[in-house]
Amino acid sequence: QDVMDIEVKPKPSRPHWYERHVQPCVAELLGSALFIFIGCLSVVEDSGGTGRLQPALAHGLALGVTIAILGDI
């Protein structure tokens, strides 16, 4: 007799309430705070020679870091 090997995959459990509700809210709060504060500080510390480049680069860097750190959530 041939016995077929069937892989039984466990049924995925629902994520914990913390992972569904609290973690995304905290990630959104931290990401927004980082993005806003770095952007505002780059405008306040604007030196005369950089013009619009410094705030643009600071916002881009803040957004990139936020996505890299909190993107999995």
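Here are some values of Cα Rg over 2.2 N^0.38 Å: [x] 1.99; [y] 1.59; [z] 1.12. Which one was computed from this structure? Given [x] 1.99; [y] 1.59; [z] 1.12, the calculated one carries the label [x]. Axis of helix 23-44 versus longest Cα principal axis of the chain: the two differ by about 20°, to the nearest ten degrees. For the chain, relative contact order (Cα pairs under 8 Å, six or more residues apart, normalised by length) works out to 35 percent.
Springs between Cα atoms under 10 Å define the GNM used for the chain, and in it the highest mean-square fluctuation of G31, G49, G60 occurs at G49. If the segment from I69 to V8 were pulled out straight at 0.36 nm per residue, it would be longer than the present Cα-Cα gap by 18.5 nm. Straightening the chain between L57 and I36 buys 6.2 nm, computed as 0.36 nm per residue apart minus the Cα-Cα spacing. Computed from Cα atoms, the angle from the helix 53-70 axis to the main principal axis of the chain rounds to 20 degrees. Could you work out [θ]222 nm for the chain from helices alone, using -39500 (n - 2.57) per DSSP H run of at least four and dividing by all its residues? Round to the nearest 500 deg cm²/dmol. The helix-only estimate for the chain comes to -19000 deg cm²/dmol at 222 nm.
Every number here is computed from the coordinates shown, using simple stated rules; none is lab data. Worth saying up front: this structure is predicted, and the values here are computed from it rather than measured.
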